[in-house]
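Okay, so here's the structure we're looking at.
The values are calculated or read from the model by the stated rules, or taken from the named source; none is laboratory data. What you see is a predicted model; the values in this text were computed from it and never measured. Quick reminder, even Gly has a Cβ in these numbers, built from the backbone with ideal geometry, and neighbours come from all protein chains shown.
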Amino acid sequence: MLITTLTLLACKEKAAEKVHVRSVRIIKTTLASTQENSTIVPASINEKRETKLAFRVRGPLVRLNDTIGNFVKKGQVIAKVDARDYAIAVESTQAAYKLANAEYKRYKTLLEKESVATSVYDQIESNYTRAKTAYQSAQNALYDTDLRAPFSGYISKVLVNNFEEVNPGQPIISLIDLSEFEVKAWISLKDLTKMNENTQYACLINVGNKKIRIPGKLKEIGHKSSNSKQSYPISILIDAPKDNKLRAGMTTHLEIINTTPNPNPKIDIPVSCVFSSKNKSYVWLYDEHTQKVSAKEVVSGDITADDFIQIHKGLSAGVNIVSTGVHYLTEGQKVKVLKAFTKSNVGNKL
């Protein structure tokens, strides 16, 4: 009984001595040597390209993909004209070509043996060339009775009806390419002069209650201003997002981000790093050797984008500070450093 009592007392003493070690995340402070200036202007989303497709031959349509919005792959047949006469032309010119080819080879052998005059051989060679080109032209015309998609895209307009007689060059189908989108906007001369090779671009889209930001690349900037707007046209290309179906003609906003040297470099840290006590702002410094934290008074400034806050005084670059759970720590408390989120940990859930 005595032994059992002593054992229980010893366990209670050990439990009392056990100190809870809180897990925290640590970041290293950096000096912002550059600053970003963002300009947002109204814009529109447009297809990458739109092409009106036409036949190179004449004839009545016997097949037509006339459903607007249909997706077609590159090389897929969209429309077809009656190929009967063109197939007959191929057979006729093929027969003439075979005959001319045989005669050409025979006279070429005779010329090598000097058994025929050069002028006669030249006439035979000319006949062979005409027959060959006629045969190739007939083959091309037969191939062109099928109207194929030059790129993968969507049918946006159907300009004829099936079974109509169509002529060469007559627009049949309008095809749009949505593999990328072109975002078009107008910017002022003042904003234009701020742009440089480091300027970044993004398309800002509202989808339901969500705001989507899609980075883009510059396509072109116009060199002539609009008389009515007194501004310059700008176009950027964005990739078509897989999860959100954009449509040509949608309104959006174009964000232009210019990065310039910061004349007064400051340290920006997440807002979650700062806590207040007695009307003063502090951060927790982390000592890698002792694994303990100590409070450091700072003078904070404005809150910037992405919930960061400027630190004007009290911190230097290269210092380890606590970024989570700052309101639950005490001076000299020992903490455990959590590992940073991995790139594969989408949403930092794991």
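Figures for the structure shown
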| read-out | value |
| --- | --- |
| Where a residue in the stretch 318-343 is on the phi < 0 side of the Ramachandran plot and its partner, wherever it lies, is at pLDDT below 95 and exposed (fewer than 10 other Cβ atoms within 10 Å of the Cβ), with Cβ under 6 Å and at least six apart | 341/348 |
| Leading residue by the ranking (farthest from residue 135 (Cα to Cα)) among those in the stretch 51-89 that are among the hydroxyl-bearing types (Ser, Thr, Tyr) and not in a strand (DSSP E or B) | 67 |
| Condition met for residue 191 (assigned by TED's automatic domain parsing to the domain that holds residue 334 and more than 30 Å from residue 65 (Cβ to Cβ)) | no |
| Answer from 28, 98, 105, 74 - the residue that is among the charged types (D, E, K, R), loosely packed, with under 14 Cβ neighbours inside 10 Å, under 28 Å from residue 216 (Cα atoms) and at pLDDT 90 or above | 74 |
| Residue that is modelled with the highest pLDDT [pool: residues in the stretch 219-236 that are surrounded by 11 or more Cβ atoms within 10 Å (Cβ to Cβ) and of a type in the set (Gly, Ala, Ser)] | 235 |
| Number of positions in the stretch 318-339 that are under 20 Å from residue 29 (Cα atoms) and assigned to a loop (DSSP other than H, G, I, E, B) | 8 |
| Cβ-Cβ under 9 Å pairs, at least 6 apart or on other chains, the stretch 48-76 side more than 30 Å from residue 240 (Cβ to Cβ), far side assigned to a loop (DSSP other than H, G, I, E, B) and acidic (Asp, Glu) | 56/144; 57/144; 59/82; 60/82; 60/164; 61/82; 61/164; 62/82 |
| Residue, nearest to residue 318 (Cα to Cα), within the stretch 262-276, restricted to residues that are modelled with pLDDT under 90 and surrounded by fewer than 17 Cβ atoms within 10 Å (Cβ to Cβ) | 265 |
